[in-house]
Amino acid sequence: MLTKKTWIASIAALTLTGSAVAAEMPGKGVTVQPVQSPIAEETFQTMVLSKALEELGYDVKPIQEVDYSAGYTSIANGDATFMATNWYPLHNSMYKNAGGDDKFYRAGHYIEGAAQGYLIDKKTADKYNITNVGDFAKPEIAKLFDTNGDGKADLTGCQAGWGCEGVIEHQLDAFKLRDTVHHNQGQYAAIIADTISRYKAGESVFYYTWTPYWVSGQLVPGRDVVWLEVPFSANPNGTDTKLSNGKNYGFDINSERIVANKAFAEANPAAAKLFEVAKLPINDVSAENMMIAAGEDSQKDIERHAEQWIKANRKLVDGWLDAARKAAM
């Protein structure tokens, strides 16, 4: 028969055990719905976060793929919880139009140093001394990159709805290139694959791309291709895109930031802190993207990539989790 003292001690022990579990798993019983664009190369960064949230006890649902604009709307409405690929400042208009800081929680920079811009093959650049997109105003330069005989350069551009297409369209007007450049849009993976095939066949190529992404692992800047500067800053965001070294590639250096539903973040300080402190090295993302390009592109493959990265960077991830648990106390 339990004495009163033994009974009180048992209750106290159970309470301490429950508190320890709550401290270790502050997200227990809370459901999280991640969303992302259909770009396979953005799955890795989403899965790394999902795995970290699971270690905090959250019930993380399978990733839902939606267009960016739909993703922001679903998070603002509370139908989804977070997106790991808020391109900042490229997506500023979409972010603001879906409610901005009134609807979203956004703190920290998950991936930093993401470059974007225009490139051409090095062979043609060297032969004709092409260094600037403004050179394409010359019909004789534009014709070098004409793939369909209309006399215009064919630019492998940005898929509609991504945000980068707005910058390109703005710049075609600003740099007076409408008469000499055609902006080819479509499913980016398909049109860039065709561009790479043309490069391998010895043709001149002109394309837009970004980092982190696998393209610059196959067409290596400085070796196979070169970045082009722009005549001056011309950006829908009104920003000055000139870098500290004097170069100007026409696009802001972006970060990929984590955007979450504001009400969720306020109710879940552990998740909010994780979203703030998590950081992925851009070169690690590019390396994983190369594995996708090499055929390891299924959800299971990418999940394995995320698990392997976490294992190899256990100390770093534990630091995120420790900060998240402390925030929940």
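Only the coordinates and a few stated rules stand behind these numbers; no lab work does. All values derive from a computational prediction rather than experimental measurement. Neighbour counts are summed over all protein chains in view; Cβ atoms, including those assigned to glycine, are modelled from backbone coordinates with ideal geometry.
What does the charge count near A160 come to, summing +1 for each Lys or Arg and -1 for each Asp or Glu among other residues with Cβ under 13 Å from its Cβ?
-3
E303 to D173: extension gain in nm, 0.36 nm per residue of separation minus the Cα-Cα distance?
42.6 nm
Please compute one quarter of the surface area of the Cα convex hull for the chain and express it in square nanometres.
Computed as one quarter of the Cα hull surface, the answer is 20.1 nm².
Could you work out Rg/(2.2 N^0.38 Å) for the stretch 116-227, with Rg from alpha carbons only?
The reported ratio for this selection is 0.97.
Hey, what number do you get for the chain at 222 nm if only DSSP H runs of n ≥ 4 count, each worth -39500 (n - 2.57), divided across all residues, to the nearest 500?
Helix-only estimate at 222 nm: -13000 deg cm²/dmol.
What translational diffusion coefficient, to the nearest whole µm²/s, does the stretch 248-329 have by Stokes-Einstein, given a Kirkwood radius computed over alpha-carbon pairs, a temperature of 4 °C and 1.567 mPa s viscosity?
So the translational diffusion coefficient is about 87 µm²/s.
Mean Kyte-Doolittle of at least -0.5 and a Cα length of 24 Å or more along the axis: which whole DSSP H helices of the chain meet both?
Helices meeting the span and hydropathy rule in the chain are 4-24.
Suppose the chain between A193 and Y128 were pulled fully straight at 0.36 nm per residue; how much longer would it get relative to their current alpha carbon spacing?
Gain on extension, A193 to Y128, equals 20.9 nm.
Taking a ≥ b ≥ c as the square roots of the eigenvalues of the Cα gyration tensor of the stretch 47-104, is the shape rounded (a/c under 1.5), prolate (a/b larger than b/c) or oblate?
Judged from the Cα gyration tensor, the stretch 47-104 comes out prolate (a/c at least 1.5, a/b above b/c).
Which net charge results for the neighbourhood of A324, defined as the other residues with beta-carbon distances under 14 angstrom from its beta-carbon, given Lys and Arg at +1 and Asp and Glu at -1?
0
Search the structure for amide H atoms under 5 Å from the amide H of T147, placed 1.01 Å from N in the peptide plane, and list their residues when 5 or more places away or on another chain.
Amide H neighbours of T147: D154.
Magnitude of the Cβ-charge dipole of the stretch 129-187, K/R +1 and D/E -1, about the Cα centre, nearest 20 debye?
80 debye
Using only alpha carbon pairs under 8 Å that are at least six residues apart, calculate the relative contact order of the stretch 116-227 and give it in whole percent.
The normalised contact order for the stretch 116-227 reaches 41 percent.
Summing +1 for each Lys or Arg and -1 for each Asp or Glu, what net charge is found among the other residues whose Cβ lies under 10 Å from the Cβ of L274?
Here the charged neighbours net out to 0.
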